[in-house]
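Comments concern the structure below.
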Amino acid sequence: MKAILLVICASTITLADIPDYKFPDGFLFGAATASYQVEGGWNEDGKGENIWDRGLHDHADWVADNSNGDIACDSYHKYKEDVQLLKDLGVNYYRFSISWSRVLPTGKADQVNQAGIDYYNNLIDELLANGIEPYVTMFHWDLPQPLQDEGGWPERKLADYFVDYARVLFKNFGDRVKYWMTVNEITQICEGGYSGGTFAPFITNPGVGGYECTHTVLLAHGRTYRLYESDYKAEQNGQVGIAIDSSWHEPNNPDNESDQQASEVDMQMNYGWFVNPIVYGNYPDVMIERVKANSLAEGFPQSRLPEFTADEQEMMKGTFDFLGLNHYTSDKVYFADEGAGDHPSHWADTGVIGVIDPSWPGSASDWLKEVPWGINRLLVWIKNHYDNPPVVITENGFSDYGQLDDYDRADYYKRYLYEILKAINEEECNVIGYTAWSLMDNFEWMAGYTQRFGMHYVDFDDPDRPRTRKLSSYVYNNIITTRHVDWDYYPDWPPTQENKN
Ligand code: PNW
C-alpha cells in the first residue's frame, strides 16, 4: 500500500486520475499449479518414473534445499482440499497439469494406468461439482524417463508418443475438459533441459539441443491440435492452446534505434521462435537468418535450426484457439558488440544483452523483478505481431519466503492486473483470462521450497501438509468478485473468525 502511494506521488498522479477500468463480461480468472510441483505420490499406484524423479533422486544436491517433489503438497491425496481452496478463492477455473507417467507409466500408450486415470477423473469431477472449470496442461516438464532413455525431445519420434498420449487424454477426459494446453513453456523444456542443462534431463548441448527439442515439441503441439480438430472437436467442442513464457524486452534506451531493433530481435528469438510457427507456420525470418549465418561462420555445413517442410508449415499454421502467456518480469536490452555468449548457443545467435534496472523491486527469485508496465507493452507487441489473437495469461506471480501477510504479492497482482486492464481498455488487446501462479506454495524446481509463489501457505515440515490462506488470496478474491482493482482493499489482518472467507 505504502509503495503504491509512493509511486503515485512520485509521478504526481493521484488515484482520482487513474481510470477505474472493469474486467469485461466473460473475462475469466483462475489459479495454476503443475503436477510435479504439487502432486507427490511419485511412485504410487503404478505411476512410472519421470525425468524429474530420476534427476533429483540422483542429484539431490543440485536443489537449493536438497528437496524434491516426491511428496510436495501431497495433492495426490489432498485434491479435495485444493478444490475447496479454489472455491473460497472464487476462481472460474483451475489450471493444473497431468503427469504423463501417472497415466502412461512407460510413456507409451500401450499401457494405460487405470489408477492414474481415476485420479484425474476424481479431480475433474470434484472441480465441476464445485463450479470450477478444469484448464488442463498436458505436459509441464515431467517427461517419462523411458522416453528420455530413447533420447528425449530432440528425437522426432517423441512427437508420435506425445500425440498418442494426447489421444488418451482426449478419450478419457475430453467429455468434461474443454480447455487444453499442450505444453508449458518450450523455452524452459528445451533451452533449460537440452541446451543449458539447468532443468531435467540436465543435458548440456548449447546451440543445438534446444533447437532440436523445440522443433519436436512444436510438431507435437501442431499435430495434437490437428488431432483434436479432426477427431474430437465436433463432439467435445473444446479449445486447444499452448502456454508460452515471455519476458518483455524493453529497449535499453527507448529513443535509440539500435536498442529498438535489439528489442525486436530479442522478442522474435525468444517468443516468435515458438509463436511464429503456430500462427504463421514457420520460424521468424530474422531467426532463420541469424542462426544460419552463425552456424556457417562456426563451420557447420548447414544451419543448426531445423527446417519445417512445406507440408509441416501448412500443418502448423493456425494451430491455436488461444495463446497462453506466462509472464513474470522484464529486462532492458541492447545489441552485444562481441556477441552475447559462447558459440554455438542461442544467446550468441540472439546477440542481445539483457540487463535489469536496479530500481525495479525484487522478489525472492533473483530473475523476478516487479515491472508491471512490461506486461502491457508485451500484450501490445503480441496484438501487433499476431493480429490480436485471443490471449489467456496462463501464469503470473511473485515469490517471497512464505509470510502470511504477503503484501508484496498482493500489490504485484494489483499492479499487473491493472496493466492488463489498461491493455484491454486502452489498446483493445484481446485478453480473455488471467491465471495467478500459484494456488499454493509448491516445489519451485531448483529453488526447492525456499522460494514461495503461493496464495496459500503450505507447511512442508508437517506430514499433513496443511494449507493456510495468505493475505493475497483475499485480495485476489476481491478483484475477482468486484471485477476491478480496488487499490484500497486489504483484508483485516490477521483474519478474524468471521471474515476468514
Ligand atoms: C514458470 N524466467 O517457469 C513455470 O511454468 C512454473 O512451473 C514455475 O514454478 C514458475 O514459472 C515460477 O518460476 C519460469 O526466468 C521460470 O523468466 C523462469 C522464468 C520464467 C518462467
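The values are calculated or read from the model by the stated rules, or taken from the named source; none is laboratory data. Predicted model only: the values in this text are computed from it and were never measured. Positions of Cβ are generated from backbone atoms using ideal geometry, with glycine treated the same way; all protein chains shown enter the neighbour counts. We work out accessible area using only protein heavy atoms, side chains counted, and drop any ligands, DNA or RNA first. Shrake-Rupley method; radii C 1.70, N 1.55, O 1.52, S 1.80 Å.
What distance in nm separates the simple spin-label points at residue 309 and residue 110, each placed 7 Å from Cα in the Cβ direction?
2.6
When ranked by the protection proxy of mean other Cβ atoms within 10 Å per residue, highest first, what sequence do the peptides 246-252, 381-387 form? All intermediate terms of the calculation are to be shown ahead of the outcome.
Numbers: 246-252: 23.4, 381-387: 17.0.
Going by the mean number of other Cβ atoms within 10 Å, highest first, we get 246-252, 381-387.
Got a sec to turn the phi values of the range 436-450 into Karplus ³J(HN,Hα) couplings, 6.51 cos²θ - 1.76 cosθ + 1.60 with θ = phi - 60°, whole Hz, x for Gly and Pro?
7, 9, 9, 3, 8, 3, 7, 6, 8, 6, 5, 8, x, 9, 7
Per 0.36 nm of contour for each residue apart, how much would the distance between residue 256 and residue 317 grow if the chain were fully extended, relative to their Cα-Cα spacing?
Length difference between fully extended and current span is 18.5 nm.
Out of 38, 59, 71, whose Cα points farthest toward the positive end of the dipole of the range 29-71 (charges: +1 Lys, Arg; -1 Asp, Glu; placed on Cβ)?
Selected residue: 38.
Report in % the part of the accessible area of the range 395-434 that belongs to carbon and sulfur, leaving out ligands and nucleic acids; probe 1.4 Å.
40
Not counting ligands, DNA or RNA, and with a 1.4 Å probe, what is residue 452's accessible surface area in Å² rounded to the nearest 10?
Surface open to solvent at residue 452 totals about 30 Å².
Relative to the Cα centre, what is the charge dipole magnitude of the range 139-188, using +1 at the beta carbon of each Lys and Arg, -1 at the beta carbon of each Asp and Glu, and rounding to the nearest 20 debye?
320
Cα convex hull of the range 45-87: mean projected area in nm², to one decimal?
For the Cα atoms of the range 45-87, the hull's average projected area reads 4.0 nm².
Assuming R0 = 41 Å, what is the FRET efficiency of residue 234 and residue 157, from their Cβ-Cβ distance, to the nearest 0.05? Before the final figure, lay out each step's value.
Values: r = 29 Å, r/R0 = 0.71.
Between residue 234 and residue 157 the formula returns 0.90.
Toward the positive end of the charge dipole of the chain, about the Cα centre and with charges on Cβ (Lys, Arg +1; Asp, Glu -1), which of 430, 335, 351 goes farthest?
430
Provide the net charge surrounding residue 263, with neighbours chosen by a C-beta distance below 11 Å and charges set as Lys +1, Arg +1, Asp -1, Glu -1.
Cβ neighbours under 11 Å give a net charge of -4.
Quick one: ranking 446, 267 by accessible area, 1.4 Å probe, largest first, what do you get?
Largest to smallest exposure gives the sequence 446, 267.
If you take the charge dipole of the range 14-164 about its Cα centre, with +1 on Lys and Arg Cβ and -1 on Asp and Glu Cβ, which of 134, 122, 146 is farthest toward its positive end?
So the residue furthest toward the plus end is 134.
Helix-derived [θ] at 222 nm for the chain: sum -39500 (n - 2.57) over DSSP H runs of at least 4, divide by residue count, nearest 500?
Helices in the chain give a 222 nm mean residue ellipticity of -11500 deg cm²/dmol.
Report relative contact order for the range 396-444 in percent, whole number only (criteria: Cα-Cα under 8 Å, sequence separation at least 6).
45
Using the Cα centre as the reference, give the magnitude of the dipole from point charges on the C-beta atoms of the range 388-501 (Lys, Arg: +1; Asp, Glu: -1; all else neutral), rounded to the nearest 20 debye.
That gives the range 388-501 a dipole magnitude of about 220 debye.
Can you tell me the relative contact order of the chain? Whole percent, Cα pairs under 8 Å, sequence separation 6 or more.
Contact order relative to length: 16 percent.
Hey, any idea what Rg/Rh is for the range 302-381, computing Rh the Kirkwood way over Cα pairs?
In the range 302-381, Rg relative to Rh is 1.07.
I want the local charge near residue 245. Using Cβ-Cβ distances under 12 Å, sum +1 for each Lys or Arg and -1 for each Asp or Glu among the other residues.
-3
Quick check: pseudo-label points 7 Å beyond the Cα along Cα→Cβ at residue 288 and residue 492, how many nm apart are they?
Placing both labels 7 Å along Cα→Cβ, they lie 6.4 nm apart.
Excluding residue 87 itself, calculate the net charge of residues whose Cβ lies under 11 Å from the Cβ of residue 87, where each Lys or Arg counts +1 and each Asp or Glu counts -1.
-3
Please compute the modelled spin-label separation between residue 461 and residue 175, points set 7 Å along Cα→Cβ, answer in nm with one decimal.
Here the answer is 4.7 nm between the modelled labels.
Please list log₁₀ I(q)/I(0) at q = 0.12 Å⁻¹ for the range 241-333, using the Debye equation with identical point scatterers on the alpha-carbon positions.
Scattering profile of the range 241-333, log10 relative to I(0): -0.46.
Along each of the three principal axes of the Cα atoms of the range 393-501, give the extent in whole Å, ordering the values from largest to smallest.
Here the spans come out as 48, 38, 19 Å, largest first.
List the residues of the range 247-282 whose backbone N lies under 17 Å from a point placed 7 Å from the Cα of residue 355 along the Cα-to-Cβ direction.
So the set is 249-263.
R0 = 41 Å: FRET efficiency of residue 426 with residue 77, Cβ-based, nearest 0.05?
Efficiency at R0 = 41 Å is approximately 0.35.
Given R₀ = 51 Å, FRET efficiency for residue 121-residue 336 by Cβ-Cβ distance, to 0.05?
0.50
Suppose all protein chains stay in the model; what accessible area per residue would a 1.4 Å probe give for the chain, in Å²?
Heavy-atom SASA per residue in the chain reads 38 Å².
For the chain, evaluate the Debye formula with one uniform point scatterer on each Cα (no solvent term) and list log10 I(q)/I(0) at q = 0.10 Å⁻¹, rounded to two decimals.
Debye curve over Cα of the chain, log10 I(q)/I(0) at q = 0.10 Å⁻¹: -0.75.
Where Rh is the Kirkwood radius over the Cα pairs of the range 246-393, the temperature 4 °C and the viscosity 1.567 mPa s, what D in µm²/s does Stokes-Einstein return?
It comes out at roughly 79 µm²/s.
Out of the total accessible area of the range 194-347 (probe 1.4 Å, heavy atoms of protein only), what percent is carbon and sulfur?
Looking at the range 194-347 in its full context, I get 46 percent from C and S.
Of the beta bridges DSSP finds with both residues in the chain, what % are antiparallel, to the nearest 5?
Within the chain, antiparallel bridges account for around 20 percent of the total.
Sorted by mean Cβ packing within 10 Å, highest first, what order do the peptides 271-282, 117-128 take?
So the peptides 271-282, 117-128, ranked by packing, come out 271-282, 117-128.
Note down the magnitude of the dipole of the chain about its Cα centre, charges +1 on Lys and Arg C-beta and -1 on Asp and Glu C-beta and zero elsewhere, to the nearest 20 debye.
980
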